Amino acid sequence: MIQIDALPAFSDNYLWLLQDDATRCCAVVDPGDAAPVLAWLESHPGWKLTDILVTHHHHDHIGGVARLKEATGARVLGPAQEKIPARDEALGDGDTVQVLGLAFRVIEVPGHTLGHIAYYHGDVARPLLFCGDTLFAAGCGRLFEGTPEQMHHSLSRLAALPAATQVFCTHEYTLSNLRFAKAVEPGNHATSNRFDEVTRLREQGGISLPSTIALELATNPFLRVAETSVKQMADERAGRDNPTPAEVFATLRAWKDQF
Ligand code: ZN
Ligand code: FE
């Protein structure tokens, strides 16, 4: 059984640490800072960092990679299409990698950046998704490099994963995302309930992740662009018809950028 914990970094990043108790090996996803991982290793003698998984090239995701590899000898996995420091394996769509004995399938998810990848472990009992800055709890990443069409397609692929899939994203943006989600869907009770729950959780110092695909399908407006009420809100906002879900998505993303 793999245990997964969040190591907080910067103001709102989580470095996800996967731990295999049987072998005392661990892996980390998107270590933008090496310090929290090195501190964890120091306080857990006998543990070895074997793998570093990278989703995209932004500094808050790769800043600690070189130092961690140097300190631990861990293997660095990252997207083939982007410049990743100290990368050992360049990954593209459909590739499979073994990490701590688990098979992860690589899904290319361009939009936030053009080479962005996600890692999916399709275990029936406990499917896992590490999606970087593509899918957030109740939101999605900004479009720094890709088009709205690309991001909409990427999110659609993630939305099609099993409902029980646990979603590990990189940032604690859930509450502000839910504020926007409520503006898009004032009548969505799942969204307002989630907002109340996450508000309480954050007041108590808890973290709002991981999410699940089921919860995102119910509350994330960026996965709900085919809903009539979401389209109507987007049309109202844009002052014109958004004839396709991809255009509804583009209108929502532009709205959120100024929200
Ligand atoms: Zn990013
Ligand atoms: Fe980020």
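Mind checking which residues of segment 162-182 are part of a loop (DSSP other than H, G, I, E, B), of a type outside the set (S, T, N, Q) and either within 16 Å of ligand 1 (Cβ to nearest atom) or surrounded by 19 or more Cβ atoms within 10 Å (Cβ to Cβ) (or both)? Give the steps one after another, and end with the answer.
Initial filter on segment 162-182 (part of a loop (DSSP other than H, G, I, E, B)): 162-165, 170, 172-173.
Now drop any that are not of a type outside the set (S, T, N, Q), which leaves 162-164, 172-173.
If the condition is that a residue be part of a loop (DSSP other than H, G, I, E, B), of a type outside the set (S, T, N, Q) and either within 16 Å of ligand 1 (Cβ to nearest atom) or surrounded by 19 or more Cβ atoms within 10 Å (Cβ to Cβ) (or both), then 172, 173 are the ones that fit.
For residues in segment 21-78 being closer than 22 Å to residue 103 by Cβ and of a type in the set (Asp, Glu), which is nearest to ligand 1 (Cβ to nearest atom)?
30
So that you can scan it fast, the table gives a plain yes or no per residue for (1) under 26 Å from residue 56 (Cβ atoms); (2) in contact with a helix residue (DSSP H, G or I) (Cβ under 9 Å, 6 or more places away or on another chain):
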residue	(1), (2)
175	yes, yes
178	yes, yes
200	no, no
215	yes, yes
238	no, yes
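If you take the residues of segment 104-136 that are within 12 Å of the chain's Cα centre (by Cα) and not in a strand (DSSP E or B), which of them is nearest to ligand 2 (Cβ to nearest atom)?
133
To keep it simple, each residue is scored yes or no on (1) in contact with a helix residue (DSSP H, G or I) (Cβ under 8 Å, 6 or more places away or on another chain); (2) crowded, with 21+ Cβ neighbours inside 10 Å.
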| residue | (1), (2) |
| --- | --- |
| 111 | yes, yes |
| 124 | no, no |
| 127 | no, no |
| 137 | yes, yes |
| 192 | yes, no |
| 206 | no, no |
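Results for (1) touching a residue at least 24 places away in the same chain (Cβ under 8 Å); (2) assigned to a helix (DSSP H, G or I); (3) at positive phi; (4) touching a strand residue (DSSP E or B) at 6+ places or on another chain (Cβ under 6 Å), shown as yes or no for each residue.
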position	(1), (2), (3), (4)
145	yes, no, no, no
149	yes, yes, no, no
190	yes, yes, no, no
196	no, yes, no, no
205	no, no, yes, no
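Among the residues of segment 147-161 satisfying the criterion of being over 19 Å from residue 129 (Cα atoms) and surrounded by fewer than 16 Cβ atoms within 10 Å (Cβ to Cβ), which is farthest from ligand 2 (Cβ to nearest atom)?
Of everything passing the filter in segment 147-161, 149 is farthest from ligand 2 (Cβ to nearest atom).
Pull out all pairs, ordered by first then second residue, where Cβ-Cβ is under 6 Å, the residues are six or more apart or on different chains, the first lies in segment 109-133 and is modelled with pLDDT of 95 or more and among the small types (Gly, Ala, Ser), and the second is surrounded by fewer than 24 Cβ atoms within 10 Å (Cβ to Cβ) and not in a loop (DSSP other than H, G, I, E, B).
Going by the 6 Å Cβ cut-off, the qualifying pairs are 111/150; 118/107.
Looking at 198, 167 in this structure, which one is in contact with a Pro (Cβ under 6 Å, 6 or more places away or on another chain) and of a type in the set (A, V, I, L, M)? Walk me through it before giving the result.
Details: 198 fails: in contact with a Pro (Cβ under 6 Å, 6 or more places away or on another chain).
Unique residue meeting the criteria: 167.
Residues checked against (1) of a type in the set (S, T, N, Q); (2) surrounded by 20 or more Cβ atoms within 10 Å (Cβ to Cβ); (3) out of contact with any strand residue (DSSP E or B) (no Cβ under 6 Å at 6 or more places or on another chain); (4) over 21 Å from residue 171 (Cα atoms):
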residue: 34; (1), (2), (3), (4): no, yes, yes, no
residue: 38; (1), (2), (3), (4): no, no, yes, no
residue: 53; (1), (2), (3), (4): no, yes, no, no
residue: 56; (1), (2), (3), (4): no, yes, no, no
residue: 74; (1), (2), (3), (4): no, yes, no, yes
residue: 82; (1), (2), (3), (4): no, yes, yes, no
residue: 98; (1), (2), (3), (4): yes, no, yes, yes
residue: 105; (1), (2), (3), (4): no, no, no, yes
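The values are calculated or read from the model by the stated rules, or taken from the named source; none is laboratory data. Remember, it's a predicted structure, so these values are computed and weren't measured experimentally. In this analysis, Cβ positions are derived from the backbone assuming ideal geometry, glycine residues included, and neighbour counts consider all displayed protein chains.
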